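The structure under discussion appears below in the form of C-alpha cells.
The values are calculated or read from the model by the stated rules, or taken from the named source; none is laboratory data. All values reported here derive from a predicted model rather than from experimental measurement. Every residue, glycine as well, gets a Cβ built from its backbone with ideal geometry; the counts of neighbours run over all protein chains shown. Each accessible area value is taken on the protein alone, full model and side chains, heavy atoms only, with ligands, DNA and RNA left out. Shrake-Rupley method; radii C 1.70, N 1.55, O 1.52, S 1.80 Å.
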Amino acid sequence: MKRKGNLYKDICNIENIEYVCDKIFKTCKNKEKVYKWESIRDVLVVKIYNDLNNRNYKFGKYYKFIIYEPKKRVIMAMDMYDKLVNHLVSEYILLPSIIPGLIDSNVASRVGKGTSYGIRLYYKYRNIYDSKYGKDNYYLLKMDISKFFDSINHDILKKKLKTRIKDKDALNILDIIIDSTDTGIPIGANTSQLFAIFYLDEVDKYIKEDLKIKCYIRYQDDMLLIHKDKEYLKYCLDKIRVMLEKLGMTLNNKTKIYKSNENINFIGVRKNKKYSNISRTRKKYKRKLKEYDEGLISLNSLISSKMNYVNRKVGVKL
C-alpha cells in the first residue's frame, strides 16, 4: 500500500480544529465540563493552532483511575487540550492512512462496523459451515491476548506507522502521543483504539492470506478462526503464537479450540447463536455511557456498545 504524505497540514487547519472542538463539546454530556471549556473555546483553538503550526506541541499529563467492571483496569484520561489534539490526529492523520489497508473482518473501532457487524459476520460464517459440514463437524479457534493495550510495543508500533505514513511531522506528533506513556498505550484514547486495530494488521493478513482461513474475525484482542480440521487449527495456533511473541504479545488461558457444538462466547454470542446474558450487556452499556459522559471513550465506541445492547435485546436479522 502506498504511504500517505502531506497529512500534518490538515491538523494545522483552523477550520478543522474548530470542527473537532465543536464535535467534542457537542457530544460530551458532562455539561459542567462543556461549559468550562466553551467559555474559553476560541483561546483553546488558537493555542492548538499555534502550537501545532510552530511544532511546539507537548503532551500534558494523564489523570489515572481504576475501574473494576467488567474487570480491573487502569484508565488514563487526558485534559481537554490533549483530548482535542488526540482527536485531530485520529481524524486527519490516522484514519486516512491506516484504515484503507485493514481487512474487512477486523471489526473494532471503525465506522459501519463494531460488535453488531462482527455478530453478523459470525452468523454468516457459522451458517456457511453448518450448511457445508453439519452443525457438529467443524471447529472454532478462539484466541484472547493477555493485557493487549499494555503489551503494545512503542518501537514496533512506530515502525509499522512508517510503512503507511511518510510525512515526518505527522510521524513526530504520533511519536509524542505514543511516548506519553512509558509502556503500552492508554485505554480510552481515540488514537489508542486506532493503534490497536492497526497493530495486528500483519497478523490478520497472515491468517487470511497465508493460513488461508476464510472465516476469521477480530475484535481488538479477541480473534476467531473457523475451520473443518482441528489439527490444522492447532497448526494455525502455533504459527500465530510465534507471530504474536515477535510483537511482544502472549495469548491468555481463554484461548481454546472448540468443537462447533460446544459452548463458546465470542463478542457476546454464545452456543447456537444465542446471545449472552442481557442484564450483563445492559450493565456494560450503562458503564460505557458513564465513560462517554466523562469523555473517556469516543462516540463511535458508545454507539457500538448501544447497538450491541439493542441487538441482544431484539435480535439481529440475517
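Under 30 Å from K61 (Cα atoms) and in contact with a Phe, Trp or Tyr (Cβ under 8 Å, 6 or more places away or on another chain), is that true of G184?
Yes, satisfied.
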List every residue pair whose Cβ atoms sit under 7 Å apart, with the two residues 6 or more apart in sequence or on different chains, where the first one lies in the stretch 125-144 and is closer than 14 Å to K214 by Cβ and assigned to a helix (DSSP H, G or I) and the second, anywhere, is of a type outside the set (G, A, S) and open to solvent by 70 Å² or more (accessible area, probe 1.4 Å). Y133/K228
Within the stretch 100-124, which residues are part of a helix (DSSP H, G or I) and either open to solvent by 40 Å² or more (accessible area, probe 1.4 Å) or charged (D, E, K, R) (or both)? P100, Y117, R120, K124
Which of (1) open to solvent by 30 Å² or more (accessible area, probe 1.4 Å); (2) farther than 28 Å from K142 by Cα does L84 not meet, given it meets every other one? (1)
Exactly one of these conditions fails for Y19: (1) under 13 Å from H87 (Cα atoms); (2) open to solvent by less than 100 Å² (accessible area, probe 1.4 Å); (3) free of Cβ contacts under 8 Å to residues at least 60 places away in the same chain. Give me its number. (2)
Hey, D238 of a type in the set (D, E) and in contact (Cβ under 8 Å) with a residue 24 or more places away in the chain or not: no
Subset of the stretch 22-41, residues touching an Asp or Glu at 6+ places or on another chain (Cβ under 9 Å) and free of Cβ contacts under 8 Å to residues at least 40 places away in the same chain, comes to F25, R41
